[in-house]
Structures are given as C-alpha cells and as structure tokens.
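Below is one structure, written out as structure tokens, with a few remarks after it.
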Amino acid sequence: MKYMKLGTKPDTFYTEEAVRSVVSDVPADLIIHANNTKYQLHKRLCSDADDGDEEPVPVALHDIPGGEEALELCAKFCYGISISISAANLVPAMLAARFLRMTEAVAKGNLVAKLEAFFDSCVLQGWKDSVAALQAAWRVSGWGESRIVQPCIDSIVEKILMPPAKVTWSYTYTRPGYTRRPHQSVPKDWWTEDVSELDVEVFRSVISTVRASRQLPPTLVGEALHVYACKHLVDPLRAVANGQAQSAAAEETLARQRRVLESIVTMIPAEPGSVTGRFLLRLLRVANYVSASSSTRAQLIRQAGSQLHEARAADLLIPLPSDPQAYDVGAAEAVLEHFLAQFQRPAAPDERRRMSAAMDKVARIFDEYLRTIALDRDFPVAKFVDLVECLPDIARSDHDGLYYAIDIYLKEHPELGKADKKRLCRLIDCRKLSPDVRAQAISNDRMPLRTIVQLLFVEQERTMGAASHGAAVAPDRASVDAISRLAARTNEDEPASSADQKSDVHRPRRDHTRVADGVTAAMTRSLSESTKTPPLAGRKERTTQERSSRMRNKE
C-alpha cells in the first residue's frame with residue numbers, strides 16, 4: 001500500500017477534558033464542534049482578518065464527511081503538521097477537504113489538489129489500494145461519491161481482466177494447500193479473495209462489469225461468488241446451535257444475510273457448471289435458514305437438481321431453522337425431482353450415457369442420505385417409505401445402500417410392528433443385493449421371515465445356476481444357519497395381520513408355517529445336492545462297458 005506524506009512539523013495536538021487543542025502561544029479563537037469532539041483552533045487559519053480580542057467563534061460541523069478524524073487531518077494540514085495519507089484514509093480526507101472548500105481557488109497547493117493527484121497517480125494504479133479506496137468511498141457515501149467509486153471500479157475491473165501472466169502486483173490468496181513461491185504462475189482466480197471484502201452492492205457492480213466484458217469464463221465468475229459466500233454467509237448449523245435466531249440483533253443479521261444470499265443467486269451465470277452442485281446446495285441451506293424468497297429457493301432447487309450428481313449425501317442435509325436436529329426432507333425431495341425431470345426430455349445417445357452415469361451416482365448419494373434420516377427416531381415409517389420411493393427402482397443398479405438404510409431404520413425403531421417391517425423390507429429387491437450383503441441380510445435377525453425366505457430363494461438360484469455349469473459350489477454358511485433359524489422362527493411366528501394380508505392381496509394366501517417348512521426342506525435338499533460333483537459322461541459309458549464285459553465272462 002502506497003503512502004503520501006504532507007507537512008513537516010511535529011504533531012502538537014493534545015486532548016484535555018475531551019477537548020482537542022494545539023500547543024501555541026496564540027490563544028485559540030475558533031471552536032469547532034464535530035459530533036462528540038470539540039476542537040480549539042485558530043481563526044487566522046481561515047481568514048486574514050484580525051478581529052482583536054473578540055470571543056472565540058463556535059462552529060458546528062456535525063455533518064462533515066469522514067467525521068472528526070477527517071476534520072483533524074485537514075486541520076493538521078493547515079498547521080503544517082506531518083500527516084500520512086494512504087488508501088485507508090484518503091477518501092474521508094478528500095471528502096472533508098472538499099466540504100471545507102480547501103481548493104486551489106483559496107490557496108495554491110491546497111489539500112484537495114494534492115489528494116486528487118495522489119488518488120490518480122498512486123491509488124488507482126495499485127490493486128489493493130483501489131479495492132480499499134472503493135470500499136471506503138462506498139461505506140461513506142455509496143454511489144453519491146461517483147468521482148471516487150466509478151474510477152475505482154474501472155481500475156479494479158481492468159486489472160481483473162489482465163492476463164494472469166502479466167499480473168505483477170500484490171494480492172491476497174490464502175487457499176488451503178497454496179504456498180506462494182518465487183516464479184510461481186499466478187492462479188486465474190487471484191483476484192477473488194480481495195474483491196470479497198467489498199459490500200455486496202459494489203461487489204455486484206464489479207461482477208456485472210466483468211461478466212459484460214465476456215473475457216472471463218463463467219466458472220471463474222462462479223468461483224468469485226463461492227469465495228464471497230464463504231466470507232459473508234453464516235453456517236446455518238452453527239448459527240442455530242449458537243441460538244443466534246432469538247435476539248433483535250440476530251434478526252438484523254438475518255436480514256443482511258438474506259440480502260447477500262439473494263444478490264449472489266441473481267449473479268450466478270446461466271451457463272451449466274459455472275458453480276458446483278455442492279455450492280448450490282449450500283446456498284439452499286442458507287436460504288432455508290434466512291427465510292429467503294420463494295423465487296430464490298425455487299431457482300436454487302432447480303439448479304441444484306440439475307447438478308445433484310456432483311454433491312455428497314451430507315449436502316442434502318438441510319436443517320430446519322427452528323430445530324437444528326431436524327432436516328427439511330421436502331427440500332431434498334424437490335431437488336431429487338428436478339434431477340429426475342431431466343430424464344423425461346429427449347437426448348442424444350452420448351448425453352443419455354452421461355445421464356445414466358449421473359443417475360448411478362445420485363442413487364448412491366440418496367441412499368447414503370437415507371441412512372442419516374433413518375437415525376431420526378421420530379421419523380415416521382410412512383414418510384420414510386415415501387422418501388425411499390422418491391427414487392424409482394430402475395435408478396438403483398444395486399440395493400446394497402438401500403438395505404443398509406432400511407436396516408438402520410429397523411435398528412433405531414425397534415418398536416415397529418411386523419406389518420411395518422414387511423412394508424419396509426418389501427422395498428428391497430433381493431436379486432439386486434451383492435453376495436456379501438445378501439449373506440449378511442440372511443443372518444440378520446431384524447429382517448422379517450418373508451424377506452429371509454426370498455433371500456434364500458435367490459441364494460438357491462445362485463447355487464443351482466453355478467452347479468448347472470459344472471462348478472462345485474459349497475453351501476453358503478449363512479444360508480445353512482439361516483435355514484436352521486428359519487425352522488425355529490416359523491413355529492413362533494404369528495399369523496399375518498389383516499393389514500398385512502390386505503397389502504399382499506396379489507399373493508396366494510397360504511399357511512406361513514407350511515410354506516416355511518417346505519422352503520426349509522427344499523433349501524436343505526438343494527444345498528446338499530448342489531455340492532455333489534455330477535458324474536462325467538465318459539465315466540458312465542465305461543461303467544456300462546465293464547458291466548457288459550463281466551456278464552459275457554460269466555457266460
């Protein structure tokens with residue numbers, strides 16, 4: 001950051017009883033009131049007239065731009081006291097000097113001219129100086145001081161559009177894993193962290209100007225939005241846990257957060273992939289927390305849905321503001337629905353293959369999300385079933401993740417009745433379980449009897465299929481143990497409830513005990529027979545020939 005020094009005299013201002021005065025042999029004859037500070041100065045600095053021994057003249061300057069600090073800088077310049085001007089204090093000093101009309105018309109080499117020369121030749125030529133001056137000018141007067149704001153914006157945009165290879169000035173870049181070394185290439189997003197210090201309105205102006213140039217890729221604009229959001233938007237989980245949503249000050253903070261969020265959302269480039277799916281879901285969590293407008297939430301849900309395959313299961317955990325331990329499953333369902341809506345449109349073969357791969361990722365993400373929801377002991381089973389069915393069966397190439405989610409729900413809800421357990425486990429396609437998971441499910445006591453029977457049938461088909469190809473397959477130990485437990489459980493199992501019978505009207509009604517006994521016997525025979533090595537055809541022929549030969553010898 002560059003500096004300009006003015007004046008040569010030592011600082012002789014001092015404070016006594018909340019009054020700022022100057023050490024001088026001449027009595028003070030000018031009293032200036034600026035906000036809560038009173039200055040005792042000398043009128044001769046303002047006029048050549050000699051008024052003799054008149055009483056000190058009081059002047060109220062409560063509305064001076066920059067406040068009492070800027071006023072004191074101007075006063076010290078008049079006394080010739082050494083002052084240091086930088087981008088940090090240039091703006092208030094310039095505004096105060098203009099307010100006091102310290103121009104060339106009054107005296108040659110006056111303060112306004114010196115400050116403007118420093119602004120043009122030094123501040124606007126530097127990167128961090130331009131950013132600091134812009135922020136200071138905006139906070140003092142907003143767009144009202146366009147003589148400072150607009151030149152700063154133009155300087156900042158010009159430097160942002162500079163090719164990274166030509167960047168020679170200092171910038172802030174503190175990303176994890178990045179260590180600046182001599183002769184290291186400048187990252188393309190070198191500018192994003194410094195402009196994130198700006199207020200959201202002036203930040204929007206900078207981003208809008210950059211986008212209008214069409215010289216930067218949308219992903220780079222998206223990265224700038226990501227950096228800004230990380231700096232200015234609160235983590236909803238942390239905020240609710242700290243109880244920030246209760247006080248009036250917190251309400252003001254939420255309003256400011258809502259303004260920042262909605263501004264960021266309007267700045268997201270329309271090009272696909274300009275921001276990540278994870279970032280969009282993070283914005284959706286914030287939108288839920290700060291009660292953003294319905295249009296903002298709808299836009300985030302739509303965009304996050306189109307990029308859901310880029311997310312993680314934890315990104316779908318959108319907390320409710322009123323209860324940090326509860327999640328807004330409706331928002332997660334809406335995001336999933338928008339993802340699935342993409343498959344209803346016609347697409348080229350290459351696009352279909354890409355979408356199919358995305359579907360596989362989303363299925364795994366959603367099943368992992370279900371595992372977290374299953375841990376909620378107050379989550380109703382009917383709602384959990386609806387949540388599982390949000391993802392069509394065709395989307396799941398395997399049901400391992402779904403099995404684990406349902407098993408967790410059964411473990412966390414031991415009070416479930418048999419009908420609800422069957423309703424849940426009926427969602428699992430036993431043929432879509434991997435061998436290891438199927439073996440685990442067979443030996444899982446939380447699984448209903450009917451599910452274990454289906455699993456054993458699938459295991460029998462696997463065993464018999466392998467045996468039909470001439471391979472000797474040993475009986476699965478979990479299946480053998482399950483058959484023993486199955487026989488014991490069928491004697492204790494109660495008849496199906498009327499509600500369960502109604503849900504299975506498409507199945508023939510049989511006595512469950514007889515069915516289970518028949519399955520047990522069939523499974524035992526099947527698993528035993530499948531382990532026998534089938535005799536070879538050549539072996540049969542030789543045995544027949546030997547028997548015929550022995551009979552001829554006897555004759």
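The values are calculated or read from the model by the stated rules, or taken from the named source; none is laboratory data. This structure is a prediction, so every number in the text was calculated from the model and none was measured. For neighbour counting, all protein chains shown are included, and Cβ atoms are generated from backbone atoms with ideal geometry for every residue, glycine included. Note: areas computed on protein heavy atoms with side chains; ligands, DNA, RNA excluded. Shrake-Rupley method; radii C 1.70, N 1.55, O 1.52, S 1.80 Å.
Within the straight-line cut-off of under 22 Å between alpha carbons, the lysines reachable from Lys114 are Lys2, Lys5, Lys9, Lys76, Lys128, sequence neighbours fewer than 8 places apart in one chain being disregarded.
In order along region 419-434, the phi-based Karplus estimate (6.51 cos²θ - 1.76 cosθ + 1.60, θ = phi - 60°) of 3J(HN,Hα) comes to 5, 5, 5, 5, 4, 5, 6, 5, 6, 8, 8, 4, 6, 9, 8, 5 Hz; Gly and Pro are listed as x. At each listed q (0.18 Å⁻¹), what is the log10 of I(q)/I(0) that the Debye formula gives for region 108-220 modelled as equal alpha-carbon point scatterers? For the requested q values the scattering log ratios are -0.96.
Only one residue of Gly142, Trp127, Leu216 has its Cα farthest out toward the positive end of the dipole of region 121-228, where Lys and Arg carry +1 and Asp and Glu -1 on Cβ, and that residue is Leu216. Peptides 212-225, 164-177, 255-268, 103-116 ranked from most to least packed give 255-268, 212-225, 103-116, 164-177, packing being the mean of other C-beta atoms within 10 angstrom over each peptide's residues. Taking amide H as placed 1.01 Å from N in the peptide plane, the amide H of Val59 sits under 5 Å from that of Ile31, Ile32, His33, each at least 5 places away or on another chain. Shown in residue order for region 224-235 are the 3J(HN,Hα) couplings computed by the Karplus curve 6.51 cos²θ - 1.76 cosθ + 1.60 at θ = phi - 60°: 4, 5, 5, 4, 5, 5, 4, 7, 10, 9, 7, 7 Hz (x for Gly and Pro).
May I ask you to work out the translational diffusion coefficient for region 86-165 at 20 °C, viscosity 1.002 mPa s, via Stokes-Einstein with Rh from the Kirkwood sum over Cα pairs, reported in whole µm²/s? Here the translational diffusion coefficient equals 165 µm²/s. Each listed q (0.10, 0.14, 0.15 Å⁻¹) maps to a log10 I(q)/I(0) for region 256-350, found by the Debye formula over equal Cα scatterers with no solvent: -0.26, -0.50, -0.57.
Taking amide H positions as modeled 1.01 Å from N, with prolines and chain starts lacking one, the residues under 5 Å from Lys38 and 5 or more places away or on another chain are Arg20.
Using Cβ point charges alone (K and R +1, D and E -1), the dipole size of region 278-402 about the Cα centre works out to roughly 460 debye.
Relative to its Kirkwood radius, the Cα radius of gyration of region 75-117 gives an Rg/Rh of 0.92. Seen from Ser82, the other residues with C-beta closer than 12 Å to its C-beta sum to a net charge of +2, counting Lys and Arg as +1 and Asp and Glu as -1. Given +1 at the Cβ of Lys and Arg, -1 at the Cβ of Asp and Glu and no other charges, the dipole of region 49-158 around its Cα centre is 540 debye to the nearest 20. Measuring nothing but protein heavy atoms, the accessible surface of region 125-208 at 1.4 Å probe radius is 52 percent carbon and sulfur. Projected over every direction and averaged, the convex hull enclosing the alpha-carbon atoms of region 190-320 yields 8.1 nm². Each principal axis of the Cα cloud of region 162-217 was evaluated for its coordinate range; sorted largest first, these ranges are 34, 22, 18 Å. Taking amide H as placed 1.01 Å from N in the peptide plane, Ala326 has its amide H under 5 Å from the amide H of Leu320, each at least 5 places away in sequence or on another chain. Considering only the Cα atoms of region 347-471, their convex hull presents on average a projected area of 9.3 nm².
Charge tally for Gln135 (other residues, Cβ to Cβ under 15 Å; Lys, Arg +1; Asp, Glu -1): -3. Among the protein heavy atoms of region 1-123, carbon and sulfur supply 52% of the accessible surface, probe 1.4 Å, non-protein parts ignored. Given +1 at the Cβ of Lys and Arg, -1 at the Cβ of Asp and Glu and no other charges, the dipole of region 110-238 around its Cα centre is 380 debye to the nearest 20. The residues of region 194-323 have, on average, 43 Å² of accessible surface per residue, using a 1.4 Å probe with all protein chains present. Taking each residue as 0.36 nm, the span from Ala212 to Glu55 lengthens on full extension beyond its C-alpha to C-alpha distance by 50.5 nm.
Solvent-accessible surface of region 348-390, taken per residue with a 1.4 Å probe and all protein chains present: 53 Å². In order along region 130-144, phi translates into HN-Hα couplings of 5, 5, 5, 5, 4, 5, 5, 5, 5, 6, 7, 9, x, 6, x Hz, rounded to whole numbers, per the Karplus curve 6.51 cos²θ - 1.76 cosθ + 1.60 with θ = phi - 60° and x for Gly and Pro. Pair-distance distribution of region 1-135: all C-alpha pairs, bin width 5 Å, starting at 0; shares per bin in whole percent are 2, 10, 19, 22, 21, 14, 7, 4, 2, 1, 0. Taking only the Cα atoms of region 1-43, the ratio Rg/Rh comes out at 1.07, with Rh defined as the Kirkwood radius.
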